[in-house]
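Comments concern the structure below.
Every read-out reported here was derived from the displayed coordinates using simple, explicitly stated rules and does not represent laboratory data. From a predicted model like this one, the values you see are computed outputs, not experimental measurements. Cβ placement follows ideal geometry from the backbone for every residue including glycine, while neighbour counts extend to all protein chains displayed.
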Amino acid sequence: MAEPYRERLATMLRQANRRRNASGVRLECRHFFSGAALYANGAICASLTPVGFAVKLPEESRAALLRKRRVRPLRYFKGGPIKKEYVVLSAAAASEPAALRALLRESIWYVTHGKQSVPVRQ
């Protein structure tokens, strides 16, 4: 069941990251429960599951996107805990190549560089 999600996530990554990965970050799409996850240097930064496409972002970015109603908090099942650093993109946000590219880059930066110096998204 997870294979279609892994294939879709890999396709999303290729479309968002058309340039070569010059930063030296190793990106890998792997199975993740009932979906797939994107790992950057071994750390999960995004997932695609039956609940949608989620990215791990710093607090300021999550808050701004929540205010604009372009995301919702990530919860894998009804009544389950909210995954604090993740948000699920709306269908509209996930279908915008430029927005998706910016969010993926920010997420990858965030998980590979820690909480320091996350570039501001325009």
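Quick look at the values:
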| read-out | value |
| --- | --- |
| ALA43/ARG105 FRET efficiency (R0 25 Å; Cβ-Cβ; nearest 0.05) | 0.95 |
| The chain: calculated mean residue ellipticity at 222 nm from DSSP helix runs of at least 4, using -39500 (n - 2.57) | -11000 deg cm²/dmol |
| Descending Cα extents along the principal axes, the chain, whole Å | 40, 33, 25 |
| Loop-located chymotrypsin sites (Phe, Trp or Tyr not before Pro) in region 75-109 whose Cβ has at most 14 other Cβ within 10 Å (DSSP) | PHE77 |
| Amide H contacts under 5 Å for PHE32, placed H, 5+ residues apart | ALA37 |
| Note, ³J(HN,Hα) from phi for region 53-70, Karplus 6.51, -1.76, 1.60, rounded to Hz, x at Gly and Pro | 9, 10, 10, 8, 9, x, 3, 4, 5, 4, 4, 5, 5, 5, 4, 7, 6, 9 |
